[in-house]
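Everything on this sheet refers to the single structure shown next.
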Amino acid sequence: MTLTSTPTTFHIHIPVRVLLGYGDRRLGEIVTHPEGVEGARKELREMLEDGAIYLVCDSKCDNRKPDGSCAGHTEKEA
């Protein structure tokens, strides 16, 4: 990573394998999915199959690396 003078923020992320290791109750406290915990597990497994090993903790993140982690967001200079 190249350091610059432009402030950059990053969303936190969680390893998908860690999430899949949690029980239903704990996983349900961390992620939400329209199809419940089983739907979340299915989508997390699909993410792993697609090469994403991290889940960003903010669904609004629009700058992700191929591994699923946040690539950073620079702040516009005033």
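At a glance:
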{"quantity": "Helix 36-49 axis, angle to the chain major axis (alpha carbon atoms, nearest 10°)", "calculated": "60"}
{"quantity": "Hydrodynamic radius by Kirkwood, which averages 1/r over all alpha carbon pairs of the chain, in angstrom", "calculated": "13.7"}
{"quantity": "Separation in nanometres of the label points that stand 7 Å from Cα toward Cβ, at Ile12 and Lys65", "calculated": "1.8"}
{"quantity": "Helix-only [θ]222 nm of the chain, DSSP H runs n ≥ 4, -39500 (n - 2.57) each, per residue, nearest 500", "calculated": "-10000 deg cm²/dmol"}
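Just so you know, all these numbers are worked out from the coordinates, no wet-lab data involved. Everything numeric here is computed off the predicted structure, so don't read it as measured data. With ideal geometry, Cβ positions are generated from the backbone for all residues, glycine too; neighbour counts draw on all protein chains shown.
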